[in-house]
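Reading through the structure tokens given below for one structure.
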Amino acid sequence: MLDIWQAKKKAVLFITHDLDEAIALSDRVVVMSAGPGSHPMGDFTIDIERPRDVAEIKTTPRFLELHSAIWAVLREEVLKGYQQQLKVA
């Protein structure tokens, strides 16, 4: 996916539930609240230089800092999402 983006230089909206993937591939990560009625609740600039080696980036200090900051916002929403799934089941 990164090769295609680098060749075309087009804007891409990528939605994922994988925080590592979001940080490794993105220039910006927007954290959404648990639905229904989901809304943005965190906006993080990913200021890691490109090109990125997705396999190696996960051990860098900046990746770990960003992961910690984003997870601090995301943690409660993940727990809310699990609770909503249990109510449906």
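Summarising the amide proton neighbourhood of G42: residues at separation of 5 or more, or on other chains, whose placed amide H is nearer than 5 Å comprise V31.
In terms of packing, defined here as the mean over residues of other Cβ atoms within 10 angstrom, the peptides 20-32, 42-54 line up highest first as 20-32, 42-54. For the chain, the longest principal axis of the Cα atoms and the long axis of helix 61-88 meet at an angle of about 30 degrees.
About its Cα centre, the dipole of the chain is roughly 280 debye, where the only charges are +1 on Lys and Arg Cβ and -1 on Asp and Glu Cβ. All Cα-Cα separations within the chain were binned at 5 Å from zero, giving a P(r) of 3, 12, 23, 22, 17, 12, 8, 4, 1, each value a whole percent of the pairs. The HN-Hα couplings worked out from phi for the range 31-39 by the Karplus form 6.51 cos²θ - 1.76 cosθ + 1.60 (θ = phi - 60°) are 8, 9, 6, 5, x, x, x, 4, 8 Hz, whole numbers, x standing for Gly and Pro.
None of the figures in this text is laboratory data; all of them are computed from the coordinates on show. Everything numeric in this text was worked out from a predicted model, so none of it was measured. A quick note on method: Cβ atoms are made from the backbone with ideal geometry, for glycine too, and the neighbour counts reach across all protein chains shown.
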